[in-house]
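Every number here is computed from the coordinates shown, using simple stated rules; none is lab data. Just so we're clear, the structure is a prediction, and the values are computed from it rather than from any experiment. Note: ideal-geometry Cβ built from the backbone for every residue, glycine included; neighbour counts use all protein chains shown.
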Amino acid sequence: MNYFAGIDVGSTAIKVAVVNETGDIAGVHVTASGSLFHKNSLEALNMLLSNLGLKRTDIRYLIATGYGRKLFKEADDSISEITANAIGAFEAGKAFGGVRTIINIGGQDSKAIQIDDTGNVVNFAMNDKCAAGTGRFLDVAARNLDLDLEELGEYHFKSEVAPLNINSTCTVFAESEIIGLLANGHGKAEIIAGIHYSIASRTVRLAKRVGIEDRVYFDGGPALNKGLVAALQDELGRELVIPEHPQTTTAFGAAILARNEFEAEQSLVPA
Ligand code: ADP
């Protein structure tokens, strides 16, 4: 059996996805990017291969994507994360009846992408200037609130009062705003709900720039946070499609493209 891989070398996390000949996911792996992008990417790939009982030669084609994709020289090809995300969301979205808008929140940026009914990118918008609407904001908040990142989602639903307004437009100022709110006796849950609504309203403004059409697919690491998902659905006034592996959609898209490019090359080889 031939296998194909996509590696998404993100600013915060490295994601690897392996698909089989029919494009089904064989496995995914996520690890922190750290400072050694190339070494950590290779280790992430090898870790997934070993978990799946595969050898490097079983991977017939590998495509790199993401912020650090150029550093991963072992790849057969590389593509932008916009294209990879669109391919991954289009494929994964089929099980939900098809998606047309993709919202991605990453570790240091956020994007909205509109695709047509064949999966082609029609329009996109990106915010990479301000960390306040990104996973970085959540990481900083979790640290300030002395919580694990994974706990933010459940705290969101524990708030017995309305979510607080978080006004800071920059993560650095938000950090001192959070500390100030704690010092004034506000509970963690209302602060966390406020943070989620602040990220959600920024994200909706970004998505409106590309146009929002059903169904709306939400991916990237922060889509694992159920509280943020609830806030975003509330601000959008629509249900979101959340895939089984939201953080690895872009790596999955690169793996699907790797499979398609390999098959296209094979079909050109004379029998
Ligand atoms: P990038 O591609 O930019 O590296 P990711 O899509 O991998 O970004 O998202 C990284 C972000 O995902 C982190 O900054 C973190 O806030 C968030 N994240 C990762 N794992 C979880 C989790 N289990 N629960 C909630 N948020 C998470």
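Between Gly185, Asn165, Gly221, the Cα set farthest toward the positive side of the dipole of the range 99-238 (charges on each charged residue's Cβ, about the Cα centre) is that of Asn165.
Here the dipole of the chain is about 460 debye; that uses its Cα centre as origin and unit charges on the Cβ of Lys and Arg (positive) and Asp and Glu (negative). Helix 226-236 and the longest principal axis of the C-alpha atoms of the chain enclose an angle of approximately 80°. Taking amide H as placed 1.01 Å from N in the peptide plane, the amide H of Asp77 sits under 5 Å from that of Leu62, Ala64, each at least 5 places away or on another chain.
Compared with the dominant Cα axis of the chain, that is its longest principal axis, helix 37-52 is turned about 70°.
For the peptides 183-191, 13-21, the ranking by packing is 13-21, 183-191, with the highest mean count of neighbouring Cβ atoms within 10 Å listed first.
Computed packing ranks the peptides 105-118, 242-255 as 242-255, 105-118, most packed first, by mean other Cβ atoms within 10 Å. Helix 188-210 and the long axis of the chain differ in direction by around 50°, with both axes built from C-alpha atoms. Projected onto the charge dipole of the chain (+1 at Lys/Arg Cβ, -1 at Asp/Glu Cβ, origin at the Cα centre), which of Tyr3, Val30, Ser201 gives the Cα projection farthest towards the positive end? Farthest towards the positive pole: Ser201. A full extension of the chain between Ile179 and Val122 corresponds to an added length of 16.3 nm, given 0.36 nm per residue minus the alpha carbon distance.
Between the C-alpha center of the range 153-181 and that of the range 208-271 there is a gap of 28 Å.
Residues in the range 243-260 carry Karplus couplings, in order, of x, 5, 10, x, 6, 10, 4, 5, 5, 4, x, 5, 5, 5, 5, 4, 4, 5 Hz; the curve used is 6.51 cos²θ - 1.76 cosθ + 1.60 with θ = phi - 60°, and Gly or Pro positions show x.
Take the Cβ-Cβ distance between Ala264 and Gln233 as r, set R0 to 35 Å, and report the resulting FRET efficiency rounded to the nearest 0.05. Here the calculated transfer efficiency is 0.35. For the range 124-132, 3J(HN,Hα) computed residue by residue from phi via the Karplus equation (6.51, -1.76, 1.60; θ = phi - 60°) reads 8, 9, 9, 10, 10, 9, 10, 7, 4 Hz, glycine and proline entered as x.
For the peptides 87-93, 45-51, the ranking by packing is 87-93, 45-51, with the highest mean count of neighbouring Cβ atoms within 10 Å listed first. Taking the Cβ-Cβ separation of His38 and Leu149 as r and a Förster radius of 30 Å, what is the calculated FRET efficiency to the nearest 0.05? Approximately 0.75, to the nearest 0.05. Computed per residue of the chain from DSSP H runs no shorter than four, each worth -39500 (n - 2.57), the mean residue ellipticity at 222 nm is -13000 deg cm²/dmol.
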